[in-house]
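The next block holds one structure in the form of structure tokens; read it before the comments.
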């Protein structure tokens with residue numbers, strides 16, 4: 001797979017299933033010449049040896065000077081690695097099966113190149129209104145919904161932003177009105193828990209996820225708070241959250257999107273684009289709101305922008321440090337050119353990718369190392385909680401990402417993958433949202449039924 005970094009994660013990791021749970025442990029071979037061990041795959045793909053008898057990881061502490069002998073810390077770390085693996089293995093998308101383009105000629109001399117080429121062509125552009133498109137039938141069904149809450153539910157479900165912190169039944173979606181009041185008392189317990197946690201100081205990651213939950217319940221301002229995920233490295237999820245807030249009609253969301261393109265680019269996996277910033281500012285002066293105060297087709301006006309995200313199938317930059325480093329190299333020091341820049345070419349893109357591969361390798365979180373003895377207990381617990389939450393986010397993220405935050409891949413990456421027969425058709429960002437594996441089955445059935453009834457053809 002050579003120099004491929006971004007897309008390979010989503011393409012290959014989704015099919016690698018490791019059964020790890022306390023009740024069902026698998027021996028993965030004779031690790032370290034010891035038949036008493038088994039392997040657990042950490043969220044970043046690292047293989048961690050565990051002792052069969054104790055169910056504790058066997059740490060690799062040889063290269064670290066600080067003493068790492070605390071048995072309690074080792075137990076905490078081992079348990080959360082097992083739990084994280086169990087969460088990832090029970091993902092909504094655990095049965096995902098890629099469908100690869102075939103670069104080899106068939107009996108008629110035909111290849112899949114013509115169907116691949118539109119994806120390749122669009123990868124030279126940073127954004128497009130052709131990405132993740134609405135179909136005629138999907139639009140028609142959406143517009144048949146004559147209730148604001150029904151449209152709210154639709155857009156939330158379409159975004160694929162699910163609450164990670166608490167189970168929210170579908171009937172509870174959009175139950176908070178514009179005044180912040182719960183309209184169905186049956187969900188008071190859920191509402192109170194979300195409301196009490198969305199301002200948490202535990203970490204940016206926790207605050208952002210609680211805010212997304214608030215957004216799902218009906219507080220559209222919560223999706224603005226979801227942008228905090230960018231600090232934790234989940235760039236596509238952060239940008240989708242902000243974009244959804246604008247689609248729902250949240251006041252100030254368009255200006256916030258403009259600021260992201262001008263001032264806070266790498267926070268959400270973007271690169272500086274003053275033209276996009278200006279487009280959002282123009283819209284903000286006279287927002288094209290529908291009769292429900294929403295902008296559902298905002299992506300058709302400004303387009304969807306390719307987002308750089310290193311947490312695709314594997315958690316490679318969950319604290320965002322790698323992206324912050326590249327922001328420094330690109331924007332502050334001018335040592336690299338962002339591959340999405342209009343002035344980028346094959347040479348600059350490959351230079352960027354080579355550097356990216358090296359940095360990601362160097363900065364990989366060492367899950368195989370025990371916590372140092374002098375680490376504060378509360379920090380150990382926080383590390384545990386963060387890693388569990390990261391696993392939950394990863395387990396709820398579709399392989400193709402989010403509709404309005406498509407993953408970025410260089411043209412060269414796509415070409416290499418295509419030629420190797422490892423490019424997954426299902427990840428094509430030009431595929432209409434309603435035809436993706438991750439699109440809610442109930443919505444797709446309703447759309448197709450409505451289209452058939454009204455003789456609507458895409």
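Under the simplified labelling scheme, the residue 278-residue 192 pair shows an inter-label distance of 5.3 nm, with each label point 7 Å from Cα along Cα→Cβ. How many percent of the alpha carbon pairs in region 52-195 exceed a separation of 19 Å? The calculated P(r) of region 52-195 puts 76 percent of pairs beyond 19 Å.
Over region 223-313, the ratio between the Cα radius of gyration and 2.2 N^0.38 Å evaluates to 1.02.
Region 181-215 and region 110-134 have Cα centres separated by 38 Å. Compute the acute angle (0 to 90°) between the alpha-carbon long axis of helix 204-217 and the principal axis of greatest extent of the alpha-carbon atoms of the chain; round to the nearest 10°. Here the helix axis deviates by roughly 40 degrees. Relative to one another, the C-alpha centroids of region 350-421 and region 150-165 are positioned 24 Å apart. In angstrom, the C-alpha Rg and Dmax of region 119-210 are 17.3, 51. Note on region 407-450: Kirkwood hydrodynamic radius from all Cα pairs is 12.3 Å, rounded to one decimal. Using alpha carbons only, how many angstrom separate the centre of region 273-312 from the centre of region 422-445? So the separation of the two Cα centres works out to 22 Å.
When restricted to Cα atoms, region 271-313 yields an Rg and a Dmax of 13.3, 39 Å, respectively. Which whole number in µm²/s is D for region 328-451 by Stokes-Einstein, with the Kirkwood Rh taken over Cα pairs at 37 °C and 0.692 mPa s? D = 175 µm²/s.
Take 159-170, 103-114, 301-312 and order them by the average number of nearby Cβ atoms within 10 Å per residue, most first; the result is 301-312, 159-170, 103-114.
Applying 0.36 nm per residue to the separation of residue 130 and residue 453 and subtracting their alpha-carbon distance, the gain on full extension is 113.6 nm.
Against the empirical 2.2 N^0.38 Å (N residues), region 263-343 has a Cα radius of gyration ratio of 1.34.
For region 215-316, relative contact order (Cα pairs under 8 Å, six or more residues apart, normalised by length) works out to 28 percent. The gain in end-to-end length when the residue 357 to residue 100 segment is fully stretched comes to 90.1 nm, 0.36 nm per residue minus the alpha carbon separation. Look at 446, 198 and count the other Cβ atoms within 10 Å of each Cβ; fewest to most, that gives 446, 198. Taking the longest Cα principal axis of the chain as reference, the axis of helix 346-362 is set at about 40 degrees.
Once the Cβ-Cβ distance between residue 350 and residue 297 is put in as r, and R0 is 30 Å, what FRET efficiency do you end up with, to the nearest 0.05? Result of the calculation: an efficiency of 0.25.
Where does each of 54, 200 land when they are ranked from fewest to most other beta-carbon atoms within 10 angstrom?
Numbers: 54 12, 200 16.
With the sparsest Cβ surroundings first, the list reads 54, 200.
As a ratio to 2.2 N^0.38 Å, the alpha-carbon radius of gyration computed for the chain takes the value 1.01. Can you pull the percent of Cα pairs in region 115-162 with separation above 12 Å? Of the Cα pairs, 72 percent sit more than 12 Å apart. The angle between the Cα long axis of helix 441-453 and the longest principal axis of the Cα atoms of the chain comes to about 20 degrees, rounded to the nearest 10.
Per residue, the convex hull spanned by the Cα atoms of region 138-284 amounts to 114 cubic angstrom. Find the percent of Cα-Cα distances in region 78-153 that exceed 16 Å, and round it to a whole number. The proportion of pairs with Cα distances above 16 Å equals 76 percent.
All of the numbers you see were taken from the coordinates with simple rules; none came from a lab. All of these numbers come straight from a predicted model, not from anything done at the bench. We place every Cβ from the backbone using ideal geometry, glycine too, and count neighbours over all the protein chains shown.
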